[in-house]
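This report refers to the structure that appears directly beneath it.
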Amino acid sequence: MGGGDDVGSPVVVGALILDVHAKPSSTAPISGTTVPGQVLFTPGGVARNVAECIYKLGIRPFMIGALGIGGPGILRREDITTPIVSLVYDIHGEVSAGVARVDAVEKFLTPEWIQRFEPNISSAPVLVIDANLSTLALEASCKLAAEFNVPVWFEPVSVTKSRRIASIAMYVTVVSPNQHELIAMANTLCARNMFKTLKPEDNKLLPEDVFCALRPAILVLLESGIKVVIVTLGSNGALLCSKGNPNKALNINRKFSGEIFRRVQLICSPNRFSEPGLSHGSSLFAMHFPTVPAKVKKLTGAGDCLVGGTVASLSDGLDLFQSLAVGIASAKAAVESDDNVPPEFNLDLLTDDAELVYSGARMLLAHQSML
């Protein structure tokens with residue numbers, strides 16, 4: 001990795017957005033009229049949310065964006081129209097409808113702007129990019145990371161934007177789609193509409209059955225060059241899939257120094273999943289990580305905090321299994337907050353939740369050939 005032993009901050013590249021959240025009090029939204037509720041303005045954008053989560057977990061990220069209050073990686077210009085997303089929720093905290101105007105991200109967050117920060121990217125333990133970026137900006141980010149052997153985490157953002165994986169799959173280390181984004185990415189990479197999403201009633205399936213249903217699409221991503229696929233399943237947790245040992249695929253230069261590392265290392269044994277067969281690069285590996293019961297206020301921000309919590313933990317020295325447990329615990333904190341990222345994380349509660357997730361994780365497949 002570029003920078004030798006001088007490990008820098010995780011770098012996050014993508015959207016900074018103003019979110020407008022319309023939350024009904026007790027009556028579901030009704031077409032053609034209004035219902036009582038709250039309208040809240042909150043900082044948003046996938047990349048911004050991820051960066052805030054990383055920061056609040058004690059790791060200082062470096063954000064590269066095209067709009068913001070300040071910071072060395074933020075481009076500020078008078079001719080940039082503030083990206084805004086307006087979301088209307090149902091009474092269960094699910095997004096009922098939304099409208100987005102984020103074209104400024106693609107227009108101003110250019111390859112030239114990103115390349116200014118080569119020193120930051122070259123020394124980063126992880127580069128996180130969100131699919132709000134233009135194809136050219138995604139390619140520039142990935143090629144810069146590849147030059148310095150920095151792992152790349154691609155966050156798909158939405159079904160439509162997830163298809164931007166097509167030109168960068170060979171550079172990407174980790175992707176974190178939900179099942180709808182997974183199917184869109186797989187169909188894009190195989191250039192055919194081969195795969196379908198699970199039906200709503202399939203939410204009752206066991207994790208191993210969900211994995212079997214999604215496995216063909218997951219294989220398309222892994223065979224395209226992506227090293228690790230984390231499929232988020234909402235209240236059903238997440239699937240972690242890779243060729244061989246996912247920790248070897250990441251190859252992160254870690255610091256082993258922070259509070260998260262010390263706390264989680266004590267309660268989540270790093271040797272729990274060290275099976276001999278995991279070293280075989282040609283074998284398919286799959287694990288299921290459960291969630292922790294939560295008092296849900298709203299669901300936006302959960303996926304971003306899962307990424308942020310995982311990246312913060314990886315940057316602090318934990319392995320991928322431990323880090324994903326922290327990520328899922330961070331997502332739980334997000335859904336219990338009115339904001340996209342909680343105002344603060346209670347590290348005692350977070351590590352307790354991470355321990356529950358980690359102890360409940362189990363292997364679905366460890367040695368089967370990819371063929």
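The values are calculated or read from the model by the stated rules, or taken from the named source; none is laboratory data. In this text the structure is predicted, and so the values were computed from the model without any measurement. Quick reminder, even Gly has a Cβ in these numbers, built from the backbone with ideal geometry, and neighbours come from all protein chains shown. Keep in mind that these areas ignore ligands, DNA and RNA; they rest on the heavy atoms of the full protein, side chains included. Shrake-Rupley method; radii C 1.70, N 1.55, O 1.52, S 1.80 Å.
Taking the criterion of being among the basic types (Lys, Arg) and assigned to a loop (DSSP other than H, G, I, E, B), the residues of region 193-229 that qualify are Lys196, Lys199, Lys227.
As for region 280-288, it holds at least one residue that is of a type in the set (S, T, N, Q) and surrounded by fewer than 21 Cβ atoms within 10 Å (Cβ to Cβ). Applying the criterion of being open to solvent by 40 Å² or more (accessible area, probe 1.4 Å) and of a type in the set (S, T, N, Q) to the residues of region 225-253, the residue that is nearest to Phe289 (Cα to Cα) is Asn236. Taken as a whole, the condition of being closer than 24 Å to Asn251 by Cβ and either open to solvent by 10 Å² or more (accessible area, probe 1.4 Å) or not polar (S, T, N, Q) (or both) does not apply to Phe211. In the set Val341, Val307, only one residue is out of contact with any Phe, Trp or Tyr (no Cβ under 6 Å at 6 or more places or on another chain), among the β-branched types (Val, Ile, Thr) and either modelled with pLDDT under 95 or part of a loop (DSSP other than H, G, I, E, B) (or both); that residue is Val341. Inspect all residues belonging to region 193-207 and state whether any of them is in contact with a Lys or Arg (Cβ under 6 Å, 6 or more places away or on another chain) and in contact (Cβ under 8 Å) with a residue 24 or more places away in the chain. Checking region 193-207: not a single residue is in contact with a Lys or Arg (Cβ under 6 Å, 6 or more places away or on another chain) and in contact (Cβ under 8 Å) with a residue 24 or more places away in the chain.
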